[in-house]
1. For Phe197, indicate whether it is in the same structural domain as Ala88 (by TED's automatic domain parsing) and not in a strand (DSSP E or B).
2. Within the stretch 450-471, which residues are farther than 30 Å from Gln402 by Cα and either outside the structural domain of Gly397 (by TED's automatic domain parsing) or surrounded by 20 or more Cβ atoms within 10 Å (Cβ to Cβ) (or both)?
3. Out of Ser193, Ser152, report the one residue that is modelled with pLDDT of 90 or more, away from the ligand (no atom under 16 Å from the Cβ) and touching a helix residue (DSSP H, G or I) at 6+ places or on another chain (Cβ under 9 Å).
4. Looking at Ala220, Ala236, which is the one that is hydrophobic (A, V, I, L, M, F, W, C), in contact (Cβ under 8 Å) with a residue 12 or more places away in the chain and either closer than 27 Å to Asn462 by Cα or not assigned by TED's automatic domain parsing to the domain that holds Phe466 (or both)?
5. Which of the residues spanning the stretch 233-268 are within 8 Å of the ligand (Cβ to nearest atom) and either over 29 Å from Ser317 (Cβ atoms) or part of a helix (DSSP H, G or I) (or both)?
6. Any residue in the stretch 166-177 that is surrounded by fewer than 18 Cβ atoms within 10 Å (Cβ to Cβ) and part of a loop (DSSP other than H, G, I, E, B)?
7. Can you give me the number of residues within the stretch 211-232 that are within 23 Å of Ser427 (Cα to Cα), among the polar types (S, T, N, Q) and within 10 Å of the ligand (Cβ to nearest atom)?
Amino acid sequence: MKIEPSKLTIKWMNYHEYKEQIQSFRQSIYVEEQGVAEGFVNPEEDSEALHLGAFYDGELVSSISAFFLDKKSPIGQQYGSASEWGRAVRYGMRMEAPSIRGKNLNGLLCAYLGKTIYEIIRPDRTFVLLIPQHQHLAKFYMNYWGKQFYKSMSEGDLLVCDGGEALLNQYLICRRTLYTLTRRTYSDVELPSLLTFLRENHRHDLVAAKKLAEENLYVAGVDLESELPRLSQQAAALFSLQSPIYDSVQKLPNSGRLLDIGSGAGVYLNLLSTHDKFKSFSIEGLEGSTELYLQAQKSFPAIGWHNGSAYQTHLESNYYDVLHCGFLFIHLTSPELAIEEMARLLKKQGLLYVVDVNDATFKGPKALSNVIKAHCDLYQGDRQIMTLLPEMARQNGLKLEQDFSVRVGVQSGDGVRELDVALNKESFLSMFDFVGQREEVSKDYWLAKQDAMASSLSMSINIQTFVFANR
Ligand SMILES: C[S@@+](CC[C@H](N)C(=O)[O-])C[C@H]1O[C@@H](n2cnc3c(N)ncnc32)[C@H](O)[C@@H]1O
């Protein structure tokens, strides 16, 4: 069967909906019940589970579920001590109608479930349990969810992904697989927001915002002492690029309250406060790193500073007229949680202004392009998030009003692309030196950079700006 994208819908289901769907699914098609640990739980009677289903022409054709286990469950008792148990998620009840086998639709569901559960719920460990007759499926699960730890038990096989590195690796595999599948086979399929589903189903307590309050990928990955002078220089250069864009924002009020989120040492926000459009605004900044927050406070005392997380700001709801985020989103693992928090802070019709680079727009020599892509696959933040942000914002009540793109690069004799800002090769390529700091791709990066320095090809990347309005 050839899958027509217009007939395919992916949906989250709660207990009642899933139970109803799965019963008619069982009646009509032979169900290969993969990954079910008989005797441990009764999956269909678990009212807390989350179910992700693919419907073709209105009929359920594939699904996968996530079950929340606590330390009282048989697995909890067998595995690990109660104190270190944490939030555990078991993936299971993977089902696929014979008519869609071989189309990787179930793979799409697995990858999306693994990615979104990590981003929105951030479990402490995940499990797959295989009854003895399904042991051959271990390979399938490892392909989608990582080569994690395998434990053979009398009841079957247990694949465990325990916190930290293992879970992060599982997340990165899911994200990479999802991007591959959505770029090729399933480019037109809309993936439903788990966050929206949890909100609408009164399950928002599962959301990881509080747990993520201490997470800051940016400061974890840089040496601030050497990074700060570069960041200040970059802030000044970026401000001159963005300045005309602020003049073109249509719905900007003349005055009000503006909050910048992820302000770093405050250099950019201080420049922004001098822009004509913002002169009558009361200006505040929020920064996650205490070190940077203290520095910003010391350098720019006229601005009101907060030390807090983009995921949980503890600031007043429905309070700000404008939110501004410069180069923050690429450093977030859970951008949708930040978007939800921003929608809470904004007044009705308030504006969210986001500017970020998008690595998916890089054009240039193949070797350099490949190593930038390899880095994207390794980095916990999403350096291509600008591609997804408009849809994510829409699902959280923010409407895209305007978008701008500035193409920065090196023009060569080939005259292939029009640039908005031409840089010399050295400056342009130094923008990517962070890639060389990742051990896994370091060698390839420095070689690719050397080749790019000698190349006569044009190279460029887009810095994108979105202006959203709160509905
Ligand atoms: C690349 S810097 C950008 C600084 C500034 N906006 C600019 O354009 O010059 C990203 C900033 O976001 C902050 N940040 C990263 N994750 C954060 C989070 N979850 N909550 C608050 N701030 C965060 C980092 O500490 C860092 O200062």
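1. Working: in the same structural domain as Ala88 (by TED's automatic domain parsing): yes; not in a strand (DSSP E or B): yes.
Judged against the criteria, Phe197 is a match.
2. Residue satisfying the conditions is Ala452 alone.
3. Answer to the selection: Ser193.
4. Of the residues listed, the single one that is hydrophobic (A, V, I, L, M, F, W, C), in contact (Cβ under 8 Å) with a residue 12 or more places away in the chain and either closer than 27 Å to Asn462 by Cα or not assigned by TED's automatic domain parsing to the domain that holds Phe466 (or both) is Ala236.
5. The answer is Gln234, Ala235, Leu238, Val267, Tyr268.
6. For the stretch 166-177, residues surrounded by fewer than 18 Cβ atoms within 10 Å (Cβ to Cβ) and part of a loop (DSSP other than H, G, I, E, B): absent.
7. Residues that pass the stated criteria total 1.
The values are calculated or read from the model by the stated rules, or taken from the named source; none is laboratory data. Because the structure is a prediction, the values reported are computed rather than measured. Cβ: placed from backbone, ideal geometry, glycine included. Neighbour counts: every protein chain shown.
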